[in-house]
Protein chains: 2
Amino acid sequence: MKLYDSQGAPNPRRVRMFMAEKGISCENQQFNIVKGENLDPAFLAKSPRGMLPALELDDGTVIDETIAICRYFEETQPEPPLMGTDPKSKAIITSRERQMEFDGLLSAADAFRNSFPGFAKRGLGGSVGSVEAIPALAERGKAMVSRFYENLDKQLANSTYVAGDEFSIADITALCSIDFAQGAARVPMPESCKNLRRWYDAVSARPSAKA
Amino acid sequence: MKLYDSQGAPNPRRVRMFMAEKGISCENQQFNIVKGENLDPAFLAKSPRGMLPALELDDGTVIDETIAICRYFEETQPEPPLMGTDPKSKAIITSRERQMEFDGLLSAADAFRNSFPGFAKRGLGGSVGSVEAIPALAERGKAMVSRFYENLDKQLANSTYVAGDEFSIADITALCSIDFAQGAARVPMPESCKNLRRWYDAVSARPSAKA
């Protein structure tokens with residue numbers, strides 16, 4: 001088993017953090033996305049979309065998409081559960097995880113990819129070819145990240161973790177989204193978001209956050 | 001149990017089709033998204049993001065996000081399985097389903113929401129407030145839909161269904177994406193995509209496609 005990985009990018013970090021929470025490790029190959037190493041023909045032959053992370057199973061099957069890789073690990077090693085334990089908790093965690101991704105991570109990605117000079121012709125990730133950055137989309141992304149912080153702060157007034165009282169994959173996606181939003185997309189968490197800060201400090205202190 | 005639904009919108013159709021494949025039915029409330037009925041305060045009190053579909057369980061829990069609702073039904077009624085039966089098939093179906101959503105449905109949504117006059121100030125779905133449409137994003141979306149058709153056509157040269165030899169949720173997302181892309185986003189499937197057409201005709205003929 002081999003993880004195609006990129007240190008510094010938010011989606012690969014989601015998988016590494018998920019693996020660390022479960023104590024899973026495997027062979028790892030690093031790619032520099034800014035340098036375009038994920039578009040190398042040898043990698044595209046294995047994973048045509050050129051997206052990272054991707055997981056190669058021992059039979060040669062290559063799976064891309066963060067959540068699909070996490071699903072594989074959740075099924076092969078259920079403990080500790082990170083995606084719920086019964087129909088209702090599985091649905092709630094899936095919903096909250098998606099909210100973190102769509103409202104947080106995708107907004108930050110819009111902000112970063114459409115403003116970073118190195119991606120001026122790479123407005124979308126992977127092997128889609130030349131895609132012009134759209135400055136208005138970077139602005140929209142930044143505004144949506146700010147909204148995401150405010151909403152998550154309100155929600156965390158009523159729960160320890162993003163999807164309730166238990167740590168889950170929704171917290172992993174939220175943390176990786178926020179660190180990416182604050183770093184690459186340059187939208188800091190507001191000081192006023194006290195609930196968010198309490199949660200952020202707690203989740204950042206988990207050993208898996210260093211993965 | 002009650003489904004908050006919108007006839008004509010692609011994400012609610014994904015859930016209705018998933019339910020039809022499993023023979024599940026429940027109470028249904030319709031919303032006209034173009035008229036902004038999903039932004040009515042009574043609905044936002046239940047589901048703050050204002051996104052459709054949403055599922056209200058008998059205990060009052062409201063779950064939004066299509067894939068979270070499908071996860072609930074897959075867990076409560078596993079037959080027929082639509083999200084895989086073992087770790088590898090679950091991961092592959094999740095991956096392919098995500099590819100259909102990200103490469104197909106989100107591209108079509110970018111094309112539609114940023115060109116439809118009724119959404120000139122509603123460039124994003126749900127309760128995000130006023131968001132200006134971005135014409136360049138509509139153009140990017142159309143180009144990405146065309147690319148999606150070509151890629152899926154190539155993939156379907158080697159498999160009966162989107163994620164292999166079995167019908168799955170990946171086919172549901174693909175069909176709903178394509179019908180939305182051809183209709184609302186006005187990007188027709190190319191005549192040259194013979195494999196795609198073969199698959200499209202077969203999946204469109206399933207009774208669930210009328211849901």
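Placing a label point 7 Å from the Cα of A:THR76 along the Cα-to-Cβ direction, the residues of region A:46-60 whose backbone N falls under 11 Å of that point are A:55-60. Centre-to-centre, using Cα atoms only, region A:169-187 and region A:73-137 are separated by 10 Å. Averaged over the residues of peptide B:44-55, the number of Cβ atoms from other protein chains lying within 10 Å of each residue's Cβ is 1.
Here is the tail figure for chain B: Cα pairs spaced more than 25 Å apart come to 38 percent of all pairs. Per residue of B:131-138, other chain Cβ atoms within 10 Å of the residue Cβ number 4 on average. For A:GLU132, inter-copy separations between label points set 7 Å beyond Cα along the Cβ vector come to 1.7 nm, shortest first.
What ratio of Cα Rg to 2.2 N^0.38 Å holds for region A:2-76? Can you show the working numbers first?
Working: Rg = 11.6 Å, N = 75, 2.2 N^0.38 = 11.3 Å.
Computed over Cα atoms of region A:2-76, the ratio equals 1.02.
Backbone phi angles across region B:156-163, fed through the Karplus curve with coefficients 6.51, -1.76 and 1.60 (θ = phi - 60°), yield HN-Hα couplings of 6, 5, 10, 8, 5, 10, 5, 10 Hz in residue order; Gly and Pro are listed as x. Dividing the mean sequence gap of close Cα pairs (under 8 Å, 6+ apart) by how many residues region B:87-210 holds gives a relative contact order of 30 percent. Each copy carries a label point for B:PRO190 at 7 Å from Cα toward Cβ; from one copy, the others' points are 4.8 nm away, ordered from shortest.
Looking only at other chains, what is the average number of their beta-carbon atoms within 10 angstrom of each beta-carbon in B:64-70? Show your work: numbers first, answer last.
Values: counts 4, 9, 3, 6, 10, 3, 2.
Taking all residues of B:64-70 together, the mean is 5.
What is the sum of charges, Lys and Arg at +1 and Asp and Glu at -1, for the other residues whose Cβ falls under 12 Å from the Cβ of A:ASN28?
Details: positive: A:LYS2, A:ARG16; negative: A:ASP5, A:GLU27, A:GLU56.
After counting each charged neighbour, the total is -1.
Buried accessible surface for the B/A chain pair comes to about 3500 Å², total over both chains, computed with a 1.4 Å probe. The mean of 1/r over all pairs of different alpha-carbon atoms in the protein assembly as shown, once inverted, gives a Kirkwood hydrodynamic radius of 21.7 Å.
Counting pairs of alpha carbon atoms under 8 Å apart in space and at least six apart in sequence, what relative contact order in percent does chain A give? Across chain A, relative contact order equals 23 percent. Summary for A:CYS26: label point 7 Å along Cα→Cβ; distances to the equivalent points in the other copies, ascending, 3.4 nm. Accessible area per residue for region A:2-76, computed on protein heavy atoms with a 1.4 Å probe, is 39 Å².
In deg cm²/dmol, rounded to 500, what helix-only [θ] at 222 nm does chain A give when every DSSP H run of at least 4 residues adds -39500 (n - 2.57) and the total is split over its residues?
Taking each H run of at least 4 residues, the total per residue is -14500 deg cm²/dmol.
In summary, region B:89-211 shows an alpha-carbon radius of gyration equal to 1.09 times the 2.2 N^0.38 Å reference for compact globular proteins.
The values are calculated or read from the model by the stated rules, or taken from the named source; none is laboratory data. Just so it is clear, the model here is predicted, and its values are computed rather than measured. Cβ: placed from backbone, ideal geometry, glycine included. Neighbour counts: every protein chain shown. What goes into the accessible areas is simple: the full protein's heavy atoms, side chains included, and nothing from ligands, DNA or RNA. Shrake-Rupley method; radii C 1.70, N 1.55, O 1.52, S 1.80 Å.
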